[in-house]
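Below you will find the structure I want to go over with you.
The values are calculated or read from the model by the stated rules, or taken from the named source; none is laboratory data. Here the structure is a predicted model, which is why all the values come from computation and not from measurement. Reconstructed Cβ throughout: ideal geometry from the backbone, glycine too, with neighbour counts over all protein chains shown. Note: areas computed on protein heavy atoms with side chains; ligands, DNA, RNA excluded. Shrake-Rupley method; radii C 1.70, N 1.55, O 1.52, S 1.80 Å.
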Amino acid sequence: MLRGLRRRWAAYRYRFVPWLALNLRRQRRTLRYVPESSQDKIIPDEDVLETLLKVFAALFANDLGRQAPVLAVRPEIRRKYEEPAPAEPRRSEEGARSQRALGPQEVLFQALGFGLARGRSSLPAAGTGVFVSRGGARRGAVVAMYPGTVYRKHEPIFFQSLGNPFIFRCIDGVLIDGNDKGLSKAVYRSCSRRDQLGPFQMSDVSWLTAAPQNPLAVGQYVNNCSYEKAANVCYQEFDVPRCFPVELKQYLPNIVYSHDIQSPLRCVVLVTLRDIKQGEELFSNYYTVIN
Ligand SMILES: C[S@@+](CC[C@H](N)C(=O)[O-])C[C@H]1O[C@@H](n2cnc3c(N)ncnc32)[C@H](O)[C@@H]1O
């Protein structure tokens with residue numbers, strides 16, 4: 001029987017771990033089939049990188065006043081994010097800064113043209129969902145990120161996974177625990193503290209709080225599509241390249257559970273499958289099957 005279970009686990013290809021067994025038969029018609037793992041990407045990695053850099057740079061520029069520890073060590077970074085000097089001198093540096101300090105949602109809206117909000121799902125009994133609260137997103141846009149601790153195959157996730165509906169499975173078997181409560185939260189915080197390099201944070205911990213500084217980091221609350229509500233977003237895996245600016249890593253909502261093995265940080269973004277208008281809820285497909 002154990003061998004049978006192991007074989008079934010090895011053949012397991014779906015996105016979310018505990019939800020599947022219960023609902024698979026009912027949901028078979030909403031399965032998403034991908035012929036090969038290489039064909040799972042909706043948009044090129046370069047486009048994902050460009051969007052993340054655009055949003056993170058805007059967040060950093062908006063937040064220059066609070067970046068003093070980073071700027072003290074690497075003062076040359078400031079130039080990359082400062083606006084060109086205005087024709088008329090401003091009254092005071094402080095005044096200018098307070099004028100610029102927008103909320104993260106406003107920064108997102110100005111950078112990508114939409115805002116996101118969590119709210120009660122439009123599907124009965126589906127709990128919280130994620131909505132486009134402002135503006136709209138075009139087809140093929142990155143609209144959210146799936147935050148959480150990244151576990152490579154064979155890393156211990158048993159206790160964190162008990163009754164945890166937020167465990168996301170990547171195509172290569174990497175798991176991301178996006179639960180913002182309990183043991184999962186403690187593990188993420190501890191890994192994040194471990195990886196901090198002086199003033200440089202390698203990841204964002206604020207998605208665990210009520211005031212996330214990266215407004216995209218709400219992908220763990222996106223619900224599964226249904227017969228009535230088709231999927232309008234899709235998960236896409238993205239490995240953070242070496243060239244990623246160190247000062248912007250503080251906005252990455254993922255951290256590796258163990259950094260013994262040197263490999264790029266795995267992130268997962270949600271990409272729109274069609275244009276999405278203000279007020280619409282985001283729905284993904286938990287049942288992606290890769291052959
Ligand atoms: C990753 S969480 C999504 C966030 C969740 N709605 C919440 O409030 O915490 C996955 C869980 O959401 C619920 N869920 C997601 N899609 C659903 C749907 N179409 N119908 C009912 N429940 C759903 C299930 O309880 C599932 O285990």
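Can you sort HIS259, HIS154 by 1.4 Å-probe accessible area, starting with the largest?
Numbers: HIS259 85, HIS154 180 Å².
Output order, biggest surface exposure first: HIS154, HIS259.
What are the residues whose amide H is under 5 Å from the amide H of ASN223, where those residues sit 5 or more places off or on another chain and H is modelled from the backbone?
Amide H to amide H, under 5 Å and 5 or more residues apart or across chains, ASN223 pairs with VAL130, SER284.
Give me, ordered by chain and number, the residues 5 or more places off SER121 or on other chains with an amide H under 5 Å from its own placed amide H.
For SER121, whose amide H was placed from the backbone, the distant partners under 5 Å are GLY127, THR128, GLY129.
Along the stretch 181-186, what does the Karplus equation 6.51 cos²θ - 1.76 cosθ + 1.60 (θ = phi - 60°) give for ³J(HN,Hα), rounded to whole Hz, x for Gly and Pro?
9, x, 4, 4, 5, 5
Could you give me the ³J(HN,Hα) list for the stretch 171-180, computed from phi with Karplus coefficients 6.51, -1.76, 1.60 and θ = phi - 60°, whole Hz, x at Gly and Pro?
Once rounded to whole Hz, the list reads 4, 8, x, 5, 10, 10, 9, x, 6, 9.
So what are the ³J(HN,Hα) numbers for the stretch 65-79, from phi and the Karplus equation (6.51, -1.76, 1.60; θ = phi - 60°), rounded to whole Hz, Gly and Pro as x?
Values, residue by residue: x, 9, 9, 3, x, 5, 6, 5, 7, 10, x, 5, 4, 3, 4 Hz.
Here's another thing I want to ask about it. Leaving ligands and nucleic acids out of the surface, order PHE283, PHE166 by accessible area at 1.4 Å, largest first. Intermediate results must be reported in sequence, preceding the final value.
Details: PHE283 10, PHE166 35 Å².
I get PHE166, PHE283, largest accessible area first.
Shifting gears a bit: Taking the Cα centre of each part, how many Å lie between the stretch 246-287 and the stretch 107-185?
7 Å
At 1.4 Å probe size, what's the solvent-accessible area of GLU106? Round to the nearest 10 Å².
Roughly 50 Å² of GLU106 is accessible to a 1.4 Å probe.
How much accessible area does CYS191 have with a 1.4 Å probe, in Å² rounded to the nearest 10?
Estimated to the nearest 10 Å², CYS191 gives 10 Å².
While we're looking at this one, here's another question. Quote the accessible area belonging to LYS153 in square angstrom, nearest 10, computed with a 1.4 Å probe and with ligands, DNA and RNA left uncounted.
120 Å²
Out of the stretch 218-269, which GluC sites (Glu not before Pro) are coil in DSSP terms and have no more than 13 other C-beta atoms within 10 Å? It would help to have the intermediate numbers written out before the result.
Numbers: sites: GLU228, GLU237, GLU247; in loops: GLU228.
Within the stretch 218-269, the qualifying GluC sites (Glu not before Pro) (loop, at most 13 other Cβ atoms within 10 Å) are GLU228.
For the stretch 156-280, report the accessible area per residue in Å² (1.4 Å probe, heavy atoms, rounded to an integer).
On the way: 5280 Å² over 125 residues.
Computed with neighbouring chains in place, this is 42 Å² per residue.
Sticking with this structure for a sec: Give LYS54/LYS249; LYS54/LYS80; LYS54/LYS181; LYS153/LYS181 a once-over and call out the pairs whose C-alpha atoms are over 18 Å from each other.
Numbers: LYS54/LYS249 13 Å; LYS54/LYS80 13 Å; LYS54/LYS181 29 Å; LYS153/LYS181 23 Å.
Exceeds cut-off: LYS54/LYS181; LYS153/LYS181.
Going by amide H atoms built from the backbone, whose H comes under 5 Å of the H on ALA217, apart from near neighbours?
Here the answer is MET145, since their amide H atoms fall under 5 Å of that of ALA217.
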